[in-house]
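Asks: Have a look at this one.
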Amino acid sequence: CFVLTGCSTKQVHDKYYLKTVYISQKKDVLYSKMNFYNESANEVSAKGITFDEIIEKSELSCGKSIFTGHTELIILNNCDVGDTLEHFLEVWKVSPSCKVVLGSDKLNISSITSDVIDVAIEQKKAPKCDIVTILSDINTDEAHTVYFNSDSSFQQAIIKD
């Protein structure tokens, strides 16, 4: 029975599991940086016109397919938050519990983790900022999250769609 269930070791090692993704938009071009759970994976950067193009280029760059279902953190800069998050939730199949924050383009994305945000929320220094909360709050008026500066300090932020 065990042989017929779950992923084989080969399937697990053939993928990179996305932990953190940074997305920035300048004019019509999307820029991304990705960090992974896999210890052997380096940060991967890509640019493209669509999110699908970014994933394709990132997979070519790292030589493995990228699984997005366990993504913990999305960092956004200068992009349409609502459209981006809806795409990530519906197409990339990112977990609804994935955290969403804003960040500068000089931000070291490996210095920010979902754990840091969880502690900030627990200490009431940051609002609840999972993808579902952000999307539902944007649709009503405005969403509250945090903005990370290039030195990894943060402050409260408001997202309006």
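Asks: Taking segment 146-156, which residues are modelled with pLDDT of 90 or more and more than 11 Å from A120 (Cβ to Cβ)?
Replies: Y147
Asks: State whether the residues of segment 5-28 include one that is more than 14 Å from the chain's Cα centre (by Cα) and at pLDDT 95 or above.
Replies: no
Asks: Starting from segment 120-138, take each residue that is under 14 Å from L89 (Cα atoms) and list its partners that are among the small types (G, A, S) and surrounded by 16 or more Cβ atoms within 10 Å (Cβ to Cβ), counting only C-beta distances under 6 angstrom and pairs at least six apart or across chains.
Replies: Correct list of pairs: I134/A143.
Asks: Of the residues that sit in segment 68-83 and are open to solvent by 70 Å² or more (accessible area, probe 1.4 Å) and not acidic (D, E), which one is modelled with the highest pLDDT?
Replies: Our first condition is that a residue be open to solvent by 70 Å² or more (accessible area, probe 1.4 Å); within segment 68-83, this holds for 70, 78, 83.
Checking which are not acidic (D, E) leaves us with 70, 78.
Values: H70: 94, N78: 91.
Selected residue: H70.
Asks: Name the one entry in D118, D105, D151 that is among the acidic types (D, E) and more than 19 Å from E43 (Cα to Cα).
Replies: On the way: D105 fails: more than 19 Å from E43 (Cα to Cα); D151 fails: more than 19 Å from E43 (Cα to Cα).
None of the others qualify; the one that does is D118.
Asks: Report whether or not L89 is within 12 Å of the chain's Cα centre (by Cα), surrounded by fewer than 18 Cβ atoms within 10 Å (Cβ to Cβ) and closer than 26 Å to I158 by Cβ. Give the derivation first.
Replies: Details: within 12 Å of the chain's Cα centre (by Cα): yes; surrounded by fewer than 18 Cβ atoms within 10 Å (Cβ to Cβ): yes; closer than 26 Å to I158 by Cβ: yes.
When the stated conditions are applied, L89 passes them.
Asks: Checking the condition over 19 Å from L85 (Cβ atoms) and either touching a helix residue (DSSP H, G or I) at 6+ places or on another chain (Cβ under 7 Å) or not aromatic (F, W, Y) (or both), which residue from K27, K33 passes?
Replies: Working: K33 fails: over 19 Å from L85 (Cβ atoms).
Going through K27, K33 in turn, the sole match is K27.
Asks: A follow-up question, please. Among the residues of segment 131-148, which ones are open to solvent by 60 Å² or more (accessible area, probe 1.4 Å) and either farther than 23 Å from L107 by Cβ or of a type in the set (D, E) (or both)? Full working, then the answer.
Replies: Here is the first cut: in segment 131-148, the ones open to solvent by 60 Å² or more (accessible area, probe 1.4 Å) are 132, 139-141, 144, 147.
Hits for segment 131-148 are V132, N139, T140, D141.
Asks: What are the residues in segment 58-67 that are under 23 Å from S95 (Cβ atoms) and surrounded by fewer than 16 Cβ atoms within 10 Å (Cβ to Cβ), if any?
Replies: If the condition is that a residue be under 23 Å from S95 (Cβ atoms) and surrounded by fewer than 16 Cβ atoms within 10 Å (Cβ to Cβ), then S65 is the only one that fits.
Asks: If you scan segment 30-52, which residues turn out to be touching a residue at least 12 places away in the same chain (Cβ under 8 Å), over 19 Å from V91 (Cα atoms) and surrounded by fewer than 20 Cβ atoms within 10 Å (Cβ to Cβ)?
Replies: Listed by number, the residues that qualify are Y37, N38, A41, N42, E43, S45.
Asks: Limited to segment 65-90, what total is found for residues that are touching a helix residue (DSSP H, G or I) at 6+ places or on another chain (Cβ under 8 Å) and either under 15 Å from C129 (Cα atoms) or of a type outside the set (A, V, I, L, M) (or both)?
Replies: Filtering segment 65-90 down to residues touching a helix residue (DSSP H, G or I) at 6+ places or on another chain (Cβ under 8 Å) leaves 65-66, 68, 71-76, 81-82, 84-89.
Filter once more, keeping what is either under 15 Å from C129 (Cα atoms) or of a type outside the set (A, V, I, L, M) (or both): 65, 68, 71-76, 81-82, 84-89.
Of the residues in that region, 16 qualify.
Conditions (1) more than 27 Å from F67 (Cβ to Cβ); (2) out of contact with any Lys or Arg (no Cβ under 9 Å at 6 or more places or on another chain), marked per residue:
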position	(1), (2)
L89	no, yes
S95	no, yes
V101	no, yes
K125	yes, yes
T133	no, yes
I138	no, no
T145	no, no
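The values are calculated or read from the model by the stated rules, or taken from the named source; none is laboratory data. A quick note: this is a predicted structure, and the numbers were derived from the prediction, not measured. With ideal geometry, Cβ positions are generated from the backbone for all residues, glycine too; neighbour counts draw on all protein chains shown. Calculation scope for accessible area: heavy atoms of the full protein, side chains included, ligands and nucleic acids excluded. Shrake-Rupley method; radii C 1.70, N 1.55, O 1.52, S 1.80 Å.
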